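S.K.: Take a look at the following structure, please.
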Amino acid sequence: MLTLDQQNALRDQYRRQRPNWQPATEQYATLVRTHLPRAGRLLDLGCGRGGLVEQLAHPLPQIIGIDPDLASLREHRLPQMPRAVADSYHLPLPSGCATCATASWVLEHMAQPARDLREIARVLQPGGCFIFVTPNKRHPLIALNRLLGRISGLQQQLVGALYGRAAADTFPAFYRANTADDLARLATQAGMRLVTLLTIADPSYWGFMPALFPLMCRLEERLPPSIQLHLVGIMQRPTQGTPTT
């Protein structure tokens, strides 16, 4: 089983070989810190039990956590943070209330992403940003994951065995907003614009078999940018006009 500590150790090893490389989560965090003003209101979609918000030192009254899973919200590691049970396609919030919305590992779970992104655009202020990190559907590992997802129960069993993730924390993945073309098209449909999109390699996910790791490092180097494992990006609502409804 590949633990998070082991995975981070592999990332450190990969970074030593390529000093300019940063994992997707670090680049995502940098974008959030850059685009979230101190006085801004942050909407954390799919907030779960915590995550980046624990590292931001942002005033808790100015963060709203949204997640469809009540148990996760009850176990959130920032109990004073305002949060609500809801889906990203039906947010119990007024229009234009958020300076910045974030979503880490959420887009791949959206069954109808056009609907979700229209709702996210609605709650953003003019000029507000939606910042996300999500897998790239075109990467070979994700293609394998999608194939296993079609075999009932097998995907959850393997995720649990290889990465130690509980079945309750493994949600259906659709990958309908998980290529550069999909994201640009969906942003436009929602009345936003895709202003930043980074593609980021990460061979550490294959570390459950140590012999595979050097091979995957070489594979990642040969993949074109459009197929690299992770997508980190920003959609922005225009400073004028109303998002598409």
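S.K.: Look through region 197-215, keep the residues that are open to solvent by 40 Å² or more (accessible area, probe 1.4 Å) and at pLDDT 95 or above, and return whichever of them is farthest from LEU229 (Cα to Cα).
M.R.: Here the answer is LEU197.
S.K.: May I pose another question? So if I check each of LEU60, LEU78, which one is more than 23 Å from GLN7 (Cβ to Cβ), under 20 Å from the mean Cα position of the chain (by Cα) and without any contact (Cβ under 8 Å) to a residue 40 or more places away in the chain? I'd like the intermediate steps shown before the answer.
M.R.: Numbers: LEU60 fails: under 20 Å from the mean Cα position of the chain (by Cα).
LEU78 is the lone residue from the list that is more than 23 Å from GLN7 (Cβ to Cβ), under 20 Å from the mean Cα position of the chain (by Cα) and without any contact (Cβ under 8 Å) to a residue 40 or more places away in the chain.
S.K.: Sticking with this one: Could you check, for region 9-25, whether at least one of its residues is part of a loop (DSSP other than H, G, I, E, B), aliphatic (A, V, I, L, M) and under 18 Å from the mean Cα position of the chain (by Cα)?
M.R.: No, there is no match, as no residue in region 9-25 is part of a loop (DSSP other than H, G, I, E, B), aliphatic (A, V, I, L, M) and under 18 Å from the mean Cα position of the chain (by Cα).
S.K.: A further question follows. What do you reckon, is THR25 of a type outside the set (A, V, I, L, M), open to solvent by less than 20 Å² (accessible area, probe 1.4 Å), within 19 Å of HIS230 (Cα to Cα) and in contact (Cβ under 8 Å) with a residue 60 or more places away in the chain?
M.R.: No; evaluated as a whole, the condition is false for this residue.
The values are calculated or read from the model by the stated rules, or taken from the named source; none is laboratory data. Computed from a prediction, not measured in an experiment: that's the story for all the values here. Note that we place each Cβ from the backbone using ideal geometry, even for glycine, and neighbour counts take in every protein chain shown. For accessibility, only protein heavy atoms count, side chains too; no ligands or nucleic acids. Shrake-Rupley method; radii C 1.70, N 1.55, O 1.52, S 1.80 Å.
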